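No value in this document is a laboratory result; all are computed from the given coordinates. Keep in mind the model is a prediction, meaning the values are calculated, not measured. Virtual Cβ from ideal backbone geometry, glycine too; neighbours counted across all protein chains shown.
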Amino acid sequence: MLHRNGRTVRLSLDQRTGAGFASQDLYLHGFFSASIKLPSDYAAGVVVAFYMSNGDIFEKTHDELDFEFLGNIRGREWRVQTNVYGNGSTAIGREERYGLWFDPTEDFHQYSILWIHDKILFYIDNTPIREVIRTQATGGQFPSKPMSLYATIWDGSNWATLGGRYKVNYKYAPYIAEFADLILHGCAVDPSDHTQSCQRPDVVLYDATTMSTVQRSAMEKFRKKHMTYSYCHDRVRYPTLLPECEIGPESESFHASGETKLNKHRNRAKRHQWSSAGTALSV
C-alpha cells in the first residue's frame, strides 16, 4: 500500500497473509537502500526483510544478500541479521546478528547494501557494519549473478524469536512495516539473456569504493559493541572453521554457540548513547 504521496510503501502482516514487493528489473552490482520503520509493541515471530535474490530464476544455484529484522516480545528489542548466499550455498549460513543503538520502531532508519564484483558492504544509517570480501577461499560462493530487490513481512514463528519460543500473536495485528526513500543504483540486466544494459557513471564509481579510516573505525566499533552472534564463532554448527573466517583474540568474547558473552548485559540506554560516524561511500 502506497502512502505519503506515493513515496512510502506499507507492508502489512495479519492472520490471513503477509506482504511484499519486488523490483521489476534484475541488477548486476550496485547500491541499494531503503529507509525502514518497523512494527512497534509485541512483534515476536515477525520477520521484515530487505534483500536481493535470484532464487526464482536460479532455483538450485541462487544468490542472496539479506537484511532480516527479527521481532521480539514487548520490552525486548528488534534484532538485525545479515546473511550472504552464493551459488546455492544455502547449506552454509553466514549469519551475523546485531543489536541497535536506537529504537527502529520510532522513526525511519536507512539500511543499505553495496554489491560490487569483489566486495559486499552492509550499512545502517551510513555506517558500515559488515564487509564481505571475495577471496579464493569463498570460491564460487560469492554472489555473482543478477538479482532482484525485495521487501517482505512474514510470519517466522518457527525460528525468529529465541529459536521459535515466542510466536506471532495476531491479536496485535496488523503488523505494519514502512519503506521509504528507495534507492536502486545498479546495472539493469535483461532477464531473458542476462546481458548488462548500462554504463551508468555512478555504478562505475561504486567499483572504486573503499572505506576510509574513519569508516573502518566506526565499523569495528559497531561490531565490537553491537554484534550478538557470528557464524564464524559458532563451533557447534561449524566445528571446522570456514575458510573465509579468521579467528583472533575476539573469539574469547563468544560462546561456542556463536552468541556473544556480553549479549545479556546490553541495553537500549547504552546503545542510544553510541553515535555513528563516517559517510556511506568513500572513493
Next on the checklist: Rounded, prolate or oblate, given the Cα gyration tensor of the stretch 204-244, with a/c below 1.5 counting as rounded?
Outcome noted: oblate
Checklist entry - Of the peptides 149-155, 100-106, how do they stack up when ordered by the mean number of other Cβ atoms within 10 Å, highest first? => result 149-155, 100-106
Checklist outcome for this item: Classified through the alpha carbon gyration tensor (a ≥ b ≥ c as square roots of its eigenvalues; rounded if a/c is under 1.5, else prolate when a/b is larger than b/c, else oblate), the stretch 82-169 comes out oblate
Checklist outcome for this item: Per its Cα gyration tensor (rounded if a/c is under 1.5, else prolate when a/b beats b/c, else oblate), the stretch 1-103 is best filed as oblate
